[in-house]
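Student: I am attaching a structure below and will ask some questions about it afterwards.
We did not get these values from a lab; they are worked out from the coordinates using the rules stated. Source: prediction; values computed, not measured. Neighbour counts are summed over all protein chains in view; Cβ atoms, including those assigned to glycine, are modelled from backbone coordinates with ideal geometry.
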Amino acid sequence: MLGEYRIEGRRASEIAASVERGVGSGDLAPGQSLPPIRELAEVLGVNPNTVAAAYRTLRERGVIETAGRRGSRVRPRPASTARGSLRVEVPPGARDLGSGNPDPALLPALDEAFAAATRAYAREPGMYGQPPLVPEFADLARAALDADGVPAGPVLATSGSLDAIERVLTAHLRPGDAVAVEDPGWGSMLDLVPALGLRPVPVALDDDGPLPSAVERALDAGARALVVTDRAQNPTGAAVGARRAAELRDVLARHRDVLLVEDDHGHGIVDLPLHPLAGATDRWAFVRSVAKAYGPDLRVALLAGDPVTTDRVSGRQGLGPGWVSGLLQRAVAHLWRTGAVDPGGVARSYGKRRDALLRALAERGVGAHGRSGMNVWVPVEDETGAVARLLHAGWVVAPGARFRMAAPQGIRLTVSPLTDADVAPLADAVAAATGPVAPLNYG
């Protein structure tokens, strides 16, 4: 049943650890059956209750699953994400506020950036064996991080934020490890963690980001990693301020062995200062995508981190895609160098729409959240009904189930497509669809 792999241990914790080692090494493959409890107990010379306790621990950690009479097996990794399917199709004539895309009018033209990149390529074509980083990309990225107070460290290029985060998590964690994630939080992040065989632990937040008490509980309970969104948190718009950052650093200082991952996808579309947590733990990664400010299809993010983390990510990346296209790196570097995006102007544009909608909702007795970025989160008592009623009124919004674990229900509205004339009709529709709801207490 197990091939050549032998489960060992006399105590439940030792047996569970032995199974986890097998899963982590690949000797126990996803979907592989485990011995029945009594059979394994006889082989190990222990009480069946000891094996049962080990299996229970492994189930709770998401390492194995029980399939009735078929017994227990190593948990298969999902082939696709579930939350991505929780979206509403946009019918003809309806307004799409659910996709989460930036406003195309605020994205820079890319023709000159790619023309400059191809001219550079003509002089020095990208070939096998060359360094994976374009020097100008690395220099400009590091200079921007220095200006924002991100600790010194190597810089890498990845194919977007999620690619970077996945590589960091797999560089340090093994199946069954717990990862503390924001709740409500980025749906793709909530899908990625279990897809890697990891166990997501929800962390409550408010408009200033993760609650220190919730982070402390998650880390005390054994979470080996924490993922934090610095600004423009999806879906709530939360942003970590100076005081909250100091409180979180204090918590992390008591858990220096925890892997810290920061997501600063809001860079370039927010005017709130960055208060990085990087360096509060021994292992950390700081991720900054260009998707929201320069265009999702560029598929470029920069990753900074401690030397061990970046070395592991770089080494594994070299055995997969190898590197992020130098053409893309040169194009992004051109956009940075020429100031193709005015972050202040973009932030003001999104802020004007977001704040107008928040005011209009408040005037109608609807509490909502949206401190930064392009999204507004509206707590509701019945999100399915609210989504359906808004769809009937001609507005497509994102159901909160895409972003929640244990958090209360809500809906997400992306303000990118809104005009001044849209705000009042939209607020009327939301008020009619949801009714007055008390301001959300994430804690």
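Student: To the nearest 20 Debye, how big is the dipole of the range 12-74 about its Cα centre, given +1 on the beta carbon of each Lys and Arg and -1 on that of each Asp and Glu? Display every interim value, and only then the final one.
Tutor: Working: 8 positive and 7 negative charges, 49 e Å.
It works out to roughly 240 debye.
Student: Where does each of 230, 264, 382 land when they are ranked from fewest to most other beta-carbon atoms within 10 angstrom?
Tutor: Going from sparsest to densest Cβ surroundings: 382, 264, 230.
Student: Place a +1 charge on the Cβ of each Lys and Arg in the chain and a -1 charge on the Cβ of each Asp and Glu, then give the dipole magnitude about the Cα centre in debye, rounded to the nearest 20.
Tutor: On the way: 49 positive and 51 negative charges, 188 e Å.
Roughly 900 debye, rounded to the nearest 20.
Student: Considering amide H positions built from the backbone, and no H for Pro or chain starts, which residues 5 or more places from residue 199, or on another chain, come under 5 Å of its amide H?
Tutor: 176, 177, 178, 179
Student: Would you pull out the residues with amide H under 5 Å of residue 305's amide H, same chain only if 5 or more places away, H placed 1.01 Å from N?
Tutor: Counting only residues 5 or more places away or on other chains, the set is 286.
Student: Here's a follow-up. When only alpha-carbon atoms count, how far does the range 256-345 stretch along each of its three principal axes, as whole angstroms with the largest first?
Tutor: Cα extents, longest axis first: 40, 33, 19 Å.
Student: If exposed trypsin sites (Lys or Arg not before Pro) are those in a DSSP loop with at most 13 other Cβ within 10 Å, what is the longest stretch of the chain that has none? Present the calculation step by step, with values, prior to reporting the outcome.
Tutor: On the way: sites that count: 6, 10, 11, 254, 256.
It runs 12-253.
Student: Of the options 215, 295, 320, report the single residue whose Cα projects farthest towards the positive end of the charge dipole of the range 203-320 (beta-carbon charges: Lys, Arg +1; Asp, Glu -1).
Tutor: Comparing the listed Cα positions along the dipole, 320 ranks first.
Student: On to the next question. What per residue convex hull volume, in Å³, do the alpha-carbon atoms of the chain yield?
Tutor: Numbers: hull volume 70.9 nm³, N = 443.
It comes to 160 Å³ per residue, whole-number rounded.
Student: Tell me which of 246, 307, 63 sits at the most positive position along the dipole axis of the chain, charges placed on C-beta atoms (Lys, Arg +1; Asp, Glu -1).
Tutor: 63
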